[in-house]
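Okay, so here's the structure we're looking at.
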Amino acid sequence: MKTLLPTSTAGSLPKPTWLAQPETLWSPWKLQGDELISGKQDALRLSLQEQQHAGVDIVSDGEQTRQHFVTTFIEHLDGVDFENRHTVTIRNRYEASVPTVVGPVSRPKSVFVEDAKFLRQQTNQPIKWALPGPMTMIDTLYDAHYQSREKLAWEFAKILNQEAKELEAAGVDIIQFDEPAFNVFFDDVNDWGIACLERAIEGLKCETAVHICYGYGIKANTDWKKTLGTEWRQYEAVFPKLQQSNIDIISLECHNSHVPMELLELIRGKKVMVGAIDVARNEIETPEEVAATLRKALQFVDADKLYPCTNCGMAPLSRQVASAKLKALSAGAAIVRNELINK
Ligand SMILES: [Zn+2]
């Protein structure tokens, strides 16, 4: 990226009401068959246009092509039975009924590659595509086959690598792996989680990112955040090893969170997508608030490596709020960009 402080979003944006129920996670599609395919493409066009109008530099599909950031990918795999469900506790936080791994997992055909090609046709801007990370995938399933979280994660890493290579060939500039589980299972992250992620990016020439956040603004997450105390030092446990990893970019929650900004020093040298927009509240940040978060981050991230971003996806927000927050992000980044240029 030649632009200084290029903006992007962590991932999802709200869907139009005719495609899925707004302000709802896991909302079922309102269309079917061919209508659903063209409906998703229309929604992708709209979402892209919203990002462009807001001045976002690195654009995405706004995750209009998926119902959920993890399960939609898993639905396309063999070895997982969606009828056979078990209740598990996701990220030690909330209970959910999840599908069961009943045999060897594999990817019979690509999952998002056609969607990525479609996005590529719509714009010459750099594009980012999100995939779930291996550790977050295993945490969203009941495993009756491998009986080992680590073994299953390695299998998913191989599958993700196949998908990522095809996304790269489709013209994706940055492939992002969403790993909120990295904020919870610290020992596993250090023992094999980061190694699995490196397996998922093996051989890629495009840029790679890992997104680690404190989750969408849903009740289970906001309740959990209340138990974390005044200083959130979770990142501290995984940053040293991430700094040593092959991942190019680390996407983090920074605005309104209790993460001490100096923790970013632990990943000095990496590009950092700094979350400067809170996705857990409807109040719109002022450009000055965004700028203040970015300035704080600049103490620990070199200017050419700082990518202003949102804390997490904005799927659960209204379209109006999400759109206003995107504009605030661009305006805030512009303030700091000018300061840097005029220095
Ligand atoms: Zn997130």
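Taken over segment 205-233, the criterion of being crowded, with 18+ Cβ neighbours inside 10 Å and not in a helix (DSSP H, G or I) is satisfied by Cys206, Glu207, Thr208, Ala209, Val210, His211, Ile212, Cys213, Tyr214, Gly215, Tyr216, Gly217. Scanning segment 32-66 for residues that are in contact with a Gly (Cβ under 7 Å, 6 or more places away or on another chain) and of a type in the set (Asp, Glu) turns up just one, Glu63. Restricting Ala322, Ala291 to residues that are touching a residue at least 40 places away in the same chain (Cβ under 8 Å), within 16 Å of the ligand (Cβ to nearest atom) and in a helix (DSSP H, G or I) narrows the list to Ala322. State yes or no: is Asp223 closer than 28 Å to Lys296 by Cβ, at pLDDT 95 or above, away from the ligand (no atom under 16 Å from the Cβ) and out of contact with any helix residue (DSSP H, G or I) (no Cβ under 8 Å at 6 or more places or on another chain)? Answer is no for this residue.
When Ser245, Ser251 are checked against the criterion of being under 20 Å from Thr136 (Cα atoms) and away from the ligand (no atom under 16 Å from the Cβ), a single residue qualifies: Ser245.
Taking the criterion of being farther than 30 Å from Asp304 by Cβ, within 16 Å of the ligand (Cβ to nearest atom) and out of contact with any Asp or Glu (no Cβ under 9 Å at 6 or more places or on another chain), the residues of segment 1-57 that qualify are Leu25, Trp26. Only residues that are within 16 Å of the ligand (Cβ to nearest atom) and at pLDDT 95 or above were counted across segment 205-215, and they come to 4.
Scanning segment 19-39 turns up no residue that is polar (S, T, N, Q) and closer than 27 Å to Arg337 by Cβ.
Meeting the requirement of 3 or more residues that are surrounded by fewer than 22 Cβ atoms within 10 Å (Cβ to Cβ) and among the basic types (Lys, Arg), the helices (runs of 4 or more DSSP H) wholly within segment 69-176 are 149-169. If the condition is being within 17 Å of Ala331 (Cα to Cα) and away from the ligand (no atom under 16 Å from the Cβ), then segment 273-288 contributes Glu283, Ile284, Glu285, Thr286, Pro287, Glu288.
Can you tell me how many residues within segment 294-319 are assigned to a helix (DSSP H, G or I) and either modelled with pLDDT under 95 or charged (D, E, K, R) (or both)?
5
Among residues of segment 243-259 being modelled with pLDDT of 95 or more and part of a loop (DSSP other than H, G, I, E, B), the one that is nearest to Ala328 (Cα to Cα) is Asp248. Restricting Ile138, Ile174 to residues that are at negative phi and away from the ligand (no atom under 16 Å from the Cβ) narrows the list to Ile138. Scanning segment 177-188 for residues that are within 16 Å of the ligand (Cβ to nearest atom), within 25 Å of Gly79 (Cα to Cα) and assigned to a helix (DSSP H, G or I) gives Pro180, Ala181, Phe182. The residues in segment 7-31 that are in contact with a Gly (Cβ under 6 Å, 6 or more places away or on another chain) and touching a residue at least 24 places away in the same chain (Cβ under 8 Å) can be counted, and the count is 5. Output the residues belonging to segment 30-56 that are within 15 Å of Leu13 (Cα to Cα), in contact with a helix residue (DSSP H, G or I) (Cβ under 7 Å, 6 or more places away or on another chain) and hydrophobic (A, V, I, L, M, F, W, C). Scanning segment 30-56 gives Leu44, Leu48, Ala54, Val56. Only one entry in Glu202, Glu198, Glu236 is away from the ligand (no atom under 16 Å from the Cβ), assigned to a helix (DSSP H, G or I) and at pLDDT 95 or above, namely Glu198.
The values are calculated or read from the model by the stated rules, or taken from the named source; none is laboratory data. Note that the coordinates shown come from a computational prediction; the quantities given were computed from them, not determined experimentally. Please note: Cβ atoms are built from the backbone with ideal geometry, for glycine as well, and neighbour counts cover all protein chains shown.
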